[in-house]
Each structure stands twice: as structure tokens, then as C-alpha cells.
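Below is one structure, written out as C-alpha cells; comments come after it.
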Amino acid sequence: MSDVKARYKEAKRKYESIGVDTDKALEKLQQIKISVHCWQGDDVKGFLNPDGELTGGIMTTGDYPGRAHTPEELRQDLDKAFSLIPGKHKLNLHAMYLDTDETVDLNEIEPKHYEKWVEWAKEKQLGLDFNPTFFSHPMMKDGLTLSHPDKEVREFWIEHGKRSRKIASYFGKELGAVSINNFWVPDGMKDNPIDRLKPRQRLAESYDAIFEEEVDKTYTLDALESKLFGIGAEAFTVGSHEFYMGYGITRNKLIGLDAGHFHPTETVSNKLSALSLFTDGLLLHVSRPIRWDSDHVVIMDDELQGIANELVRNNLLDKTYIGLDYFDATINRISAWVIGTRNTQKALLKALLEPTDDLRKLEEEFNFTSRLAYTEEFKDFPYADVWNYFCEINNVPVGLDWLEEVEQYEQNVLKMR
Ligand code: RNT
Ligand code: ZN
């Protein structure tokens with residue numbers, strides 16, 4: 001018996017003593033797909049224009065060597081990352097990551113421009129999610145896209161949005177896994193607007209135009225992601241949380257919550273149960289804000305655990321799609337993927353290893369002393385031995401062994417670029 005397995009057996013016994021079945025927890029964890037964001041691999045630059053400049057709406061910092069410059073390089077890096085992450089997952093693709101020799105603009109994209117991604121996903125048994133790209137483009141005018149007063153600007157982006165749904169449907173059909181199509185627009189203003197209403201009216205109308213055609217929900221689901229503010233949109237963001245909550249609920253869309261898009265003391269974990277009562281479902285962008293929406297790599301912090309606990313305790317895993325969203329260009333980008341994805345899985349595992357019914361009972365008895373004592377005690381339980389075993393049975397490196405592989409890859413591949 002391997003050392004990892006021996007430790008797992010011991011941990012299993014310990015968890016049994018509090019009525020938790022570790023085998024069952026692992027079975028559940030195996031089913032959870034994380035949507036890994038492609039844009040960590042090249043600092044959100046994409047392949048639409050060869051210079052790949054970020055020209056508005058979004059920003060990344062750092063210049064760590066070896067970023068992917070082509071779809072082939074990006075897939076090569078993703079292959080490496082996925083080989084170090086236990087389980088089968090999804091790739092979250094942005095429209096600007098098209099893979100074609102043709103010169104096509106965002107209002108011209110078609111499924112065929114993403115065929116190579118689909119072939120690759122089939123081969124690797126991955127699902128694909130999608131995002132229309134409403135930034136880093138000359139048609140983003142005055143910091144606005146779908147809410148711009150100029151009809152021509154809006155129409156360009158409406159067409160892009162419509163086409164994005166065709167591509168997401170194609171992904172869903174080809175891969176047999178529903179493709180989540182996430183809409184986020186950076187529209188906003190640097191300084192205080194006089195009129196906050198009209199831009200929001202226009203945004204709603206533009207979305208109504210995009211969503212006019214019914215699409216088969218077995219293939220794709222639309223999601224809408226809010227934001228509090230962004231760089232250059234400090235005073236006003238058109239697509240605020242209230243805007244999308246209202247829009248999403250009335251139009252039966254998934255509500256997208258990015259952990260970095262709220263006031264610093266406001267947490268996404270505390271929103272899940274409330275929204276779950278009124279929505280068709282939720283899309284999460286698991287991220288780590290520091291002071292502003294800085295998109296740091298996800299670490300094992302209280303909020304990550306809070307999100308995982310809420311999903312498990314309230315049985316929300318079936319109606320929540322878990323995606324990651326951060327882009328750190330100061331560290332090895334494959335490590336960024338591996339650390340953030342593994343941490344998200346670890347937090348979910350910890351949540352699955354909780355004797356929730358017993359804790360709920362204490363709460364129902366208003367025994368808050370025991371509730372606190374037990375939850376604190378369970379933090380010391382040997383979940384890492386269960387996690388290591390999960391990695392071993394999924395044939396991926398246990399503990400920090402993955403780091404050496406990434407270092408080798410950096411020497412042999414990334415430094416050669
Ligand atoms: C930006 C949003 C959005 C983007 C991606 C690249 O603040 O979080 O999700 O990060 O579309
Ligand atoms: Zn996001």
C-alpha cells in the first residue's frame with residue numbers, strides 16, 4: 001500500500017468518527033467541473049490582433065517570461081496545467097481566442113473559427129465555455145459598448161453578442177456538455193455621470209436584442225456578470241449588480257458573480273443562498289480581490305472556503321457553474337492555473353467533509369457555543385490526506401510534486417519562446 005493510501009485510510013477512520021464518509025466526498029468531488037479560464041495563459045491578450053494589446057476595459061500587470069502567443073502554445077500550456085489538476089474539467093474560452101487563418105472581426109465570428117478548440121477539447125475530454133469579448137477593441141468607444149448612445153457602436157456589439165451564442169451552442173452540441181456563455185461589458189465612466197438611467201436602458205435594450213432568438217438550453221446558457229467599478233470606470237459602471245440581478249431574474253438568465261466585483265467587505269458567499277431562491281442558476285468567477293478588482297490567484301482563504309461551504313451546505317452545486325477568473329503575469333502562468341484550480345477543489349473537498357447535518361442541528365438548538373467549538377475543531381481534521389489520495393487516484397502529482405514539473409516545463413518550453 002502506498003504511503004498516501006495508508007494515510008488516507010487513517011484519515012477515513014478519523015472522519016468516520018464524526019459520521020463523514022470520505023469515499024462519498026471524493027465521489028462527489030470527482031463530479032465537479034471547474035471552468036478554467038484561458039486568459040491566464042497570455043495575460044488576456046487573445047489572438048484577434050497580432051499585437052495583442054489591452055486597449056481598454058481590462059488590465060493585467062507583470063511580464064513573466066513565456067506567455068503563449070499562439071493558440072498552439074496556449075493549448076500546450078493548458079495541457080500541462082490540466083495534467084497537474086485532478087479530474088476532468090472545462091476550458092473557458094473568450095471570443096478573442098479564435099483559431100483561424102482568416103482575418104475576422106468580432107462581428108463576423110462563426111463556429112468554424114473555433115473548430116480547432118473543439119477538436120482539442122474532444123481529444124482531451126474537456127467541456128468548453130464561452131465569453132463574448134467586449135473590450136480591447138476600437139469599437140469600444142468612449143469606454144462604452146452595448147450602452148453607447150451611437151446606434152452603430154451598439155449594433156456592432158449586438159451582432160458580436162448574437163454570434164457568441166451560436167458559438168456557445170456549437171460547443172454544447174459538439175461536446176455534450178452545456179456551454180455557459182458569459183456576458184461582461186466594461187461600460188462605465190471615470191467621473192460622476194448626470195444620467196445613469198439612459199445608459200442602463202440602452203444596455204437592457206441591447207441585451208434584449210442579443211437574446212431575441214431562443215437558443216436550446218441543453219446546449220448553452222447565457223450568464224450576465226456585474227461589476228462595481230473598473231479602471232477608467234471608477235465613478236459609474238452601467239452593468240452593476242442591481243442591473244444584472246434585475247435583468248437576469250426577469251429574463252431567466254444565470255447571474256454571474258465575480259468575487260472581485262463587490263465592495264471589500266461584501267462577500268459573494270453571502271449572496272449565493274439569497275440569489276438561489278430567485279434565479280435559474282448562478283455562474284461564479286472565483287477570484288481574489290485585493291483592495292480593488294486585481295484578479296489575484298485564488299488562495300485558500302476564508303472567502304474561498306465560504307463559497308465552497310455555501311455551495312455544499314445549501315445543495316447549490318447543481319445550479320452553480322464554477323469558473324475561475326484571475327490573471328497574474330508576475331508568476332509562472334501554468335502555476336497560476338494549477339494553484340487556483342487545485343485550491344478551489346480543495347475548498348470544495350473540505351466542505352464535502354463537513355458533518356453539516358450535525359452542525360445544523362446544533363444551530364437549530366441555538367447551541368452556538370458548540371457550533372463554534374466544532375467548526376473550529378474540524379479545521380484541524382486531516383483533509384490534506386484525503387486530498388492527496390484524490391490526486392493519487394487521479395494520476396496527478398501529490399502535494400507539491402507538480403511544481404518540479406512546471407519548473408522543468410519552464411526551462412524546456414517557456415524559456416525557449
Ligand atoms: C472583468 C470580468 C471578466 C473578465 C473576463 C476576461 O472584470 O471579471 O470576467 O475578467 O471576461
Ligand atoms: Zn470575471
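Only the coordinates and a few stated rules stand behind these numbers; no lab work does. The model shown is predicted, which means the values in this text are computed figures rather than measured ones. Please note: Cβ atoms are built from the backbone with ideal geometry, for glycine as well, and neighbour counts cover all protein chains shown.
Between residue 231 and residue 416, the modelled label-to-label distance comes to 3.3 nm, taking each label 7 Å out from Cα in the direction of the beta carbon. Each of residue 380 and residue 31 was given a label point 7 Å from its Cα along the Cα-to-Cβ line. The distance between the two points is 3.3 nm. The reciprocal of the average 1/r between distinct C-alpha atoms defines the Kirkwood hydrodynamic radius, which for the chain equals 22.3 Å. Cβ crowding within 10 Å ranks 302, 380, 187 as 380, 302, 187, fewest other Cβ atoms first. When you count the other C-beta atoms within 10 angstrom of each residue and take the mean per peptide, 77-85, 392-400 line up highest first as 77-85, 392-400. The modelled label-to-label distance for the pair residue 70/residue 400, using points 7 Å beyond Cα in the direction of Cβ, is 3.6 nm. When +1 charges are put on Lys and Arg Cβ atoms and -1 charges on Asp and Glu Cβ atoms, the dipole computed for the chain relative to its Cα centre reaches about 640 debye. Considering only alpha-carbon pairs that sit under 8 angstrom and 6 or more positions apart, the relative contact order computed for region 127-244 is 33 percent.
Computed extension length for residue 279-residue 4: 94.8 nm, one decimal, from 0.36 nm per residue of separation with the Cα-Cα distance subtracted. The lysines whose alpha-carbon is closer than 18 Å to the alpha-carbon of residue 112, local same-chain residues fewer than 8 away aside, are 122, 162, 166, 173. Applying 1/(1 + (r/R0)^6) with r as the Cβ-Cβ distance of residue 300 and residue 152 and R0 = 56 angstrom yields a FRET efficiency of 0.75. Of the GluC sites (Glu not before Pro) found in region 8-96, those in coil by DSSP whose Cβ has at most 11 other Cβ atoms within 10 Å are 53.
Ranked by the mean number of other Cβ atoms within 10 Å of their residues, highest first, the peptides 123-130, 90-97 fall in the order 90-97, 123-130.
DSSP bridge analysis restricted to the chain gives an antiparallel fraction near 20%, rounded to the nearest 5. Computed from the Kirkwood radius of its Cα pairs, the Stokes-Einstein diffusion coefficient for region 140-293 at 37 °C and 0.692 mPa s stands at 204 µm²/s.
The chymotrypsin sites (Phe, Trp or Tyr not before Pro) of region 241-324 that meet both conditions, a loop assignment by DSSP and at most 14 other Cβ atoms within 10 Å of the site Cβ, are 278. From the largest down, region 258-297 spans 30, 17, 10 angstrom on the principal axes of its Cα atoms. The aspartates and glutamates within cross-link reach of residue 190, meaning a Cα-to-Cα straight distance under 17 Å and a gap of 8 or more places when in the same chain, are 142, 234, 293. Listed by number, the DSSP H helices of the chain that run 27 Å or longer by alpha-carbon position along their axis and have mean Kyte hydropathy of at least 0.0 are 333-352. As a proxy for reagent exposure, 179, 226 were ordered by neighbouring Cβ count within 10 angstrom, fewest first; the result is 226, 179. At a Förster distance of 22 Å, what's the computed FRET efficiency of residue 251 paired with residue 191, Cβ-Cβ distance as r, to 0.05? Calculated value: 0.10.
Per-residue ellipticity at 222 nm computed for the chain from its helices equals -13500 deg cm²/dmol, with DSSP H segments shorter than 4 residues left out and the rest contributing -39,500 (n - 2.57). Taking all Cα pairs closer than 8 Å and separated by 6 or more residues, the relative contact order of the chain comes to 20 percent.
Farthest toward the positive end of the dipole of region 135-204, out of 147, 188, 161, is the Cα of 161, where the dipole comes from beta carbon charges about the Cα centre. Cβ crowding within 10 Å, taken as a proxy for footprinting-reagent exposure, orders 63, 23 from fewest neighbours to most as 63, 23.
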